[in-house]
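Report on one structure; see the data block that follows.
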Amino acid sequence: MDNKDECCSTHLIDGDGVFNVAGVENFMKEVKLAECGLSYAVVSIMGPQSSGKSTLLNHLFHTNFREMDAYKGRSQTTKGIWMARCAGIEPCTLVMDLEGTDGRERGEDDTAFEKQSALFALAVSDIVLINMWCHDIGREQAANKPLLKTVFQVMMRLFSPRKTTLMFVIRDKTRTPLENLEPVLREDIQKIWDSVPKPQAHKDTPLSEFFNVEVVALSSFEEKEEQFKEQVASLRQRFFHSIAPGGLAGDRRAVVPASGFSFSSQQIWKVIKENKDLDLPAHKVMVATVRCEEIANEKYVSFTENEEWSQLEEAVNSHSVRGFGKKVSSILDACLSEYDTEATFFDEGVRSSKRKHLEEKLLQLVQPAYQSMLGHIRSDAFERFKDAFEKALKGGKGFALAARECAESFMSHFDEECTDAIIDQAKWDSSRVKDKLRRDVDAHIAEVRSAKLTEVTTLYETKLNEALAGPVEALLDGAGDDTWPAIRKLLQRETDTAVSGFAAALSGFEMEEESRDNMVLRLKDYARGVVEVKAKEEAGKVLSRMKDRFSTLFSHDQDSMPRIWTGKEDIRAITKTARSASLKLLSVMAAVRLEDEGDSIDKILIVALVDGKAGASSSKSITSVDPLASSTWDEVPPSKTLITPVQCKSLWRQFKTETEYVVSQAIAAQEASKRNNNWLPPPWAIVAMVVLGFNEFMTLLRNPLYLGFIFVAYLLFKALWVQMDISGEFRNGVLPGLLSLSTKFLPTVMNLLKRLAEEGQGMANGQPQGNPALSSKSFRGSTNDHGDVSTSGTSEVTSENGTEYSSSSLHDKAQ
């Protein structure tokens, strides 16, 4: 017995089947097993010889089986059963290393020890590790199938049921995923269990009543040592508290107390040794098994090195191969025929079993290439389907018809190409790949269908948006009593036109009537939505629209000409008219009226806002409730309300505030115009001037030269009046007029003198006469209250025959 790092070990049963009683007693004392009570676990491992069982145990439980030298030491192959305590694992865990099975060191008659030791391990252990190579999964001996079958049968006959965990450890795991290996093992175990004859008491007992089956996989220790150690370290964690509920041995039964472990183990081994039912396989069967397996392995290697197969495998990885099924079937048939020839003299049962196993391995090797071939067939068919489907749609064929014809055609092509890829020796079904192709085709059709429907819907929504948005905005801009009826008529006309075209476009999709009606209904709702959205946009700009309308009506006459406030206009009436029109715009914008249902919004706004005084006086006698003190209109649902009564009141108040300045400016301009038109003195002043100026008037009559001088002075003054637009300057007030005239006086006088000089030079050269001092480019004229013509802005007019008239001649004609 050795002791190293808390690890104690002993030879439990030697190679001759002798139970080491003294060694076990000493071992129990060394590890103080008797003090553990029921808190201990037993783990054992079995499997083929030289499969790395001891290596696994040393790394998994930190044991020292490789370094043992007790009882004449250990040979290269473990003899009998060794037992040790696991280092660093709680609770106390004992591990047994069993001699490998399938060893040639033992003769045919001595292989009973392998089964006896395995049965002992199952009877004593809570957890049994079954060590096996990944590439041996499916082999009768390597996978311990006959061994387990015998063990199951004898165990039920000899012992009362106890729950044992069988953990299959798959060594040197290949690329094959564990999820693909595990079902094969579980299925084999279940088949073994079902085939074992059971006593009446356990005839219907399921496997799970005796065993918990676990499967783990480990990488190669030699090739991937670090990865192997990491995986073993992870597996080691599962053995901590293994007997706790939920642990690996959490539901074990019939546990022997630790103090009776030695005696119990001796009795179990004694019963197993005395059992005569464990017969060994016949020598003939054993030889047949070994030799047929060697031949099968040779043929398997020969197949993998076959040049024709290698070329096929390489080619099918990149593209589909015509005649793939026939070529592979021919190679497989030749390989199996060679096996039949060489194994013809061996036991028929073994030969047939190994041939079947060889065929399964070859088909397993071929299956990835077959699946690749099916994948190429599927992808090629799918790509050709998409191209043909697109061409059919571009050719104008109806969507549903094109989809149906193309799908049927290429599914038929797929079936034909799959038939060409069938391997005679395999009964593989291509229905899954076909279903995948069908799903891909259906998904593509659905995707294109959705895209086409979206395209058609977007097209007609765009048309509706273009047909409704602009006209609705224009109608709302010129809001009046007929605005919403006109919008409803426009909406109905454009919607009917769009729905007609939309329904025609949908006919090629062969849709269900309900789906088509829903899409048409959504298009109609979209049209209404366009109108409602546009109405909401315009409602957000209603204040600006009201001010624009007021400005247009207030500042322009019926002929759309700008008003000139001369004093004759009724500003109050004009203001009321403009505000009423703006209020009409507000009432139209207050709600969406796409249904022909009347409302009283217009009347409420007129009473509450325009006829405010009358409404206020009457309301005092009737009710004190403000009709606009609400967030909803009585006859309009909230969803159709664009501007609430409270908002209308606020907007009207803001509107009046912002337009009062325009009205006040108009009133001021009108008063200024009146003042400018009354520039003559009062009548009494004129009478006083005539009476008091009689002597001066008589002096002028007696001296006509004064009259000429006065006349010339008048012409000069008149020319200055016209050129400087004196009456126009004083419209804005006396002080602004004087300031403006002071800046214009000197330039105007200089201009007159310049024109007089030019006119005099023209007369010297024989040109037509004129009055350059009084000429200018343009003029404006108006008649005052006394009938005189007053000019402003221009003093020179050209007649139809080209004759120019000065301001003096115009004045003479006016007189």
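Report, ordered by chain and residue number, the lysines lying within cross-link reach of Lys754, taken as a straight Cα distance under 18 Å and ignoring same-chain residues fewer than 8 apart.
Lys718, Lys744, Lys777
Per residue, how many Å² of accessible area does segment 459-549 show with a 1.4 Å probe?
52 Å²
Quick check: pseudo-label points 7 Å beyond the Cα along Cα→Cβ at Leu738 and Thr454, how many nm apart are they?
Label at Leu738, label at Thr454, 7.9 nm between them.
Per 0.36 nm of contour for each residue apart, how much would the distance between Glu512 and Ser639 grow if the chain were fully extended, relative to their Cα-Cα spacing?
Result for the pair: 42.5 nm of gain on full extension.
If each residue of separation counts as 0.36 nm, what is the full-extension length gain between Glu416 and Leu692 once their alpha-carbon separation is subtracted? Provide the component values of the computation, followed by the final result.
Details: separation 276, 0.36 × 276 = 99.36 nm, distance 13.29 nm.
Difference between extended and current length: 86.1 nm.
What are the ³J(HN,Hα) values, in whole Hz, obtained from phi via the Karplus relation 6.51 cos²θ - 1.76 cosθ + 1.60 with θ = phi - 60°, for each residue of segment 692-700 in sequence order, with x given for Gly and Pro?
Along segment 692-700, the couplings run 6, x, 4, 5, 5, 5, 5, 4, 5 Hz.
Counting only the heavy atoms of the protein chains, how much of Val712 is accessible to a 1.4 Å probe, in Å² to the nearest 10?
Val712 has an accessible surface of roughly 80 Å² with all protein chains in place.
Calculate the FRET efficiency for Gln665 and Thr552 from the Cβ-Cβ distance with a Förster distance of 22 Å, rounded to the nearest 0.05.
On the way: r = 16 Å, r/R0 = 0.72.
The computed FRET efficiency comes out at 0.90.
For a quick check of your reading of the filter: which trypsin sites (Lys or Arg not before Pro) in segment 349-427 sit in a DSSP loop and have no more than 10 other Cβ atoms within 10 Å?
Within segment 349-427, the qualifying trypsin sites (Lys or Arg not before Pro) (loop, at most 10 other Cβ atoms within 10 Å) are Lys427.
For segment 347-419, what's the relative contact order in percent, using C-alpha pairs closer than 8 Å and at least 6 residues apart?
After rounding, I find 35 percent.
Could you tell me which of Ala426, Gln492, Ala400 has its Cα farthest along the dipole of segment 392-501 towards the positive end, charges placed at Cβ (Lys, Arg +1; Asp, Glu -1), taken about the Cα centre?
Checked the options; the winner is Ala426.
To the nearest 20 debye, what charge dipole does segment 517-586 have about its Cα centre, counting +1 at the Cβ of each Lys and Arg and -1 at the Cβ of each Asp and Glu?
Once rounded to the nearest 20, the dipole reads 200 debye.
Starting from the residue with the highest accessible area, list His444, His319 in decreasing order, probe 1.4 Å.
Order by accessible area, largest first: His319, His444.
What pairs in Lys361/Lys434; Lys463/Lys524; Lys115/Lys149; Lys397/Lys524; Lys356/Lys427 have C-alpha atoms more than 21 Å from each other?
Lys361/Lys434; Lys397/Lys524
At 1.4 Å probe size, with the rest of the protein present, what percent of the exposed accessible area of segment 420-495 is carbon and sulfur atoms?
Numbers: 2170 of 4330 Å².
Whole-percent figure for carbon plus sulfur exposure: 50.
What's the FRET efficiency of Ser330 with Arg384 using the Cβ-Cβ distance as r and R₀ = 35 Å, to the nearest 0.05?
The calculated FRET efficiency here is 0.75.
Heavy-atom accessible area per residue, segment 286-431, 1.4 Å probe: how many Å²?
Per residue, segment 286-431 has 54 Å² of solvent-accessible surface.
Can you compute the modelled spin-label distance between Met763 and Thr632, with each label point 7 Å from Cα toward Cβ, in nm?
Here the answer is 9.0 nm between the modelled labels.
Can you tell me which aspartates and glutamates have their Cα less than 12 Å from the Cα of Lys163? Leave out same-chain residues fewer than eight positions away.
Once the sequence-local aspartates and glutamates are set aside, what remains near Lys163 is Asp126, Glu209, Asp251.
At what distance in nm do the modelled label points of Asp482 and Asp602 sit from each other, each positioned 7 Å from its Cα along Cα→Cβ?
1.2 nm
For Lys29, list the lysines whose Cα falls under 25 Å from its own Cα; do not include residues on the same chain fewer than 8 positions away.
Lys4, Lys72, Lys79, Lys270
The values are calculated or read from the model by the stated rules, or taken from the named source; none is laboratory data. The structure presented is a predicted model; accordingly, all values stated were derived computationally and were not measured. Using ideal geometry, Cβ is built from the backbone for each residue, glycine included, and neighbour counts are taken over all protein chains shown. The accessibility values were calculated without ligands, DNA or RNA, using every heavy atom of the protein model including side chains. Shrake-Rupley method; radii C 1.70, N 1.55, O 1.52, S 1.80 Å.
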